[in-house]
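Any read-out appearing in this document is the output of simple, stated calculations on the displayed coordinates, not a laboratory observation. Keep in mind the model is a prediction, meaning the values are calculated, not measured. Cβ atoms come from the backbone with ideal geometry, glycine included; neighbour counts cover every protein chain shown.
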Amino acid sequence: MADRERVAHLLRRATFGPTAEEVDAAESRGEAATLDALFDTSGTDAGAARTPLPKLGPVVNEQSDRAAQIRTVGAWWLDRMVQADHQVHEKLTFFWHGHWATSADKVKSGPLMLAQQQTLFRTALGDFATQVHAMLRDPALILWLDGQKNTGKAPNENLARELMELFTLGVGHYTEQDVREGARALTGWVVDQKSGTATLNPKRHDDKPKTILGRTGTFDADGFADVLLSQPAAPEFIARRLWLRYCSDADIPPEVLAEASSAPTTAAMLRTLLAADGHAELVKQPVEWLVGALRQLQLRPADLTDAQRKQLTNALTQLGQVPLRPPSVGGWPAGAAWLTTAATQARIKLAQTLAARAPQPILDRLTAAPPAQRPPVLARLLVVDKFTDRTLAALTPAANDARRLLTLGLASPEYAIT
C-alpha cells in the first residue's frame, strides 16, 4: 500500500470522511505524525465552535413541541459531525451512541437526548469506567431501559441485563442470578423530566447485601459498576466492539486484543487498534457515508433550507440509520446489512440530492481536467483509492456532466466501502 493510500485509509477509519486536502496534509506529515495529530484534541475546535448547542424552548404543545425539539437536536448533531475539526472525538461520540443505543422514540425528550449526547462527548475519549458511572445516572438511558420502574419491592431487570450483556461484558460472562442481583443494586433511581435530572430515592432502593459475579456487598449503582469494570472481560469487550466498527468484521488478533485491553483510556485503545495490522474492508454506515460526502462536497447542513435538511433526514430514515433513533438496545447493524437493494437505491437518490447542491468550486475541480482525466480527479476528491474497471465504465460516459459524475461516484461501491 502506497503512503498516500495508508494515510487515506487511516483517515477514513478514524474520521467521518476526510477531504482531499486533509489527505494531502497527512501524506506530507507521514503516518505516525498523522496518528498523533488525529488524537491531539488540545487545540480549539473551530468547527465545533461554529455549531453551539441548540437552545430548546419550553414545551407548550406536548406532542408537537417534543417532536420539534428532537428534530432540532438531530439536525444540530448532524451539522456538528460535518463541521467538527476534531473528527476522532466526534466519530467516537457517535460510536458510543450506537453502543448505549438510546432512542428518542421512547424517551420523547430533546433535552434529555441532548444531555446524553453531551455525556457521551465528555467521556468519549477517557477511561471507560468514568463513562459507565455517568451513564448509570443518565436520565435518557434510565427511561429507555425502564430504570425508573426499578424499585426494591419490584425490581426491573432491563437495565441490569443490558448493562452486562451489551454495554460492559458480553454474553457468557454473567448469570441470570447476577442479573437479578444487579437489578437490586440499580433500584431507586427516578427521573425528573422538567429538570432533566436523575436522582436516587433511598426509599425505593434495596440497600441489603447482594452477590454479583462472586462478590458480596451492599452494592448500589456505583458498586455494581465497579464489580463489572473489575472483570477482565470488560476491556476486552470494548476492544472487540471498537475493532468491529473501526477495523474489521473478522476476529481481532489475540496480540492486538491484549495490547488494546491494557490501554488506560478509550482514545489509547482506539489508537492501538487503528495502528494495528489486520484491517479489512468495512461497509460505511449511512451516517458515516452522508457526513463524509457533506464534508468532501463542502456542504453544511445548517446552510440548507428546512426542506433540504428534511430531505437528508428522510434519506437516512430510508437507509435505516437516524441519529437519536437506534432501532433497538442492540444498536445499528454492521456490514452487509447496509448493502441491500433498497439501501443502494436510497443512496443513489441521496447522491443525486447532494450532487445537485454541490457548490461551483467543487464542480470546477472536476471540469478543470480533460474529460478522460475526470474520474481520477473524482476519486481524489472523494478519497477513493481507485475505481474498478466496472465503475470506470459507468463513470466515463458521464464525464461531461460534473453533477452526474459526482452522483455516480458517491453511489459507487468503492465509495460505500472503506
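Sparse packing (at most 14 other Cβ atoms within 10 Å of the Cβ) combined with a DSSP loop state is found for the following trypsin sites (Lys or Arg not before Pro) in the stretch 326-418: K386. Of the trypsin sites (Lys or Arg not before Pro) found in the stretch 185-294, the ones in coil according to DSSP and having at most 12 other Cβ atoms within 10 Å of their Cβ are K194. Working note: Cα atoms of the stretch 15-110, range along each principal axis, descending, whole Å: 55, 27, 23.
A crude spin-label estimate for the pair Q63 and A48, with each label 7 Å from Cα along the Cβ direction, gives 3.8 nm. The fewest-to-most ranking of Y174, Y246 by surrounding Cβ atoms within 10 Å reads Y246, Y174. Phi-derived couplings, Karplus 6.51 cos²θ - 1.76 cosθ + 1.60 at θ = phi - 60°, listed residue by residue for the stretch 180-188: 4, 5, x, 4, 4, 5, 8, 5, x Hz, with x used for Gly and Pro. Ratio of Rg to Rh for the chain: 1.00 [Cα atoms; Kirkwood radius as inverse mean 1/r over pairs].
Here's the picture: a label point sits 7 Å out from the Cα of E21 along the beta-carbon direction, and within the stretch 379-418 the residues with their amide nitrogen under 17 Å of it are 380-383. Taking the longest Cα principal axis of the chain as reference, the axis of helix 62-83 is set at about 50 degrees.
By the rule of a C-alpha distance below 29 Å, with chain neighbours fewer than 8 residues away ignored, the lysines paired with K153 are K106, K108, K194, K203, K208, K210.
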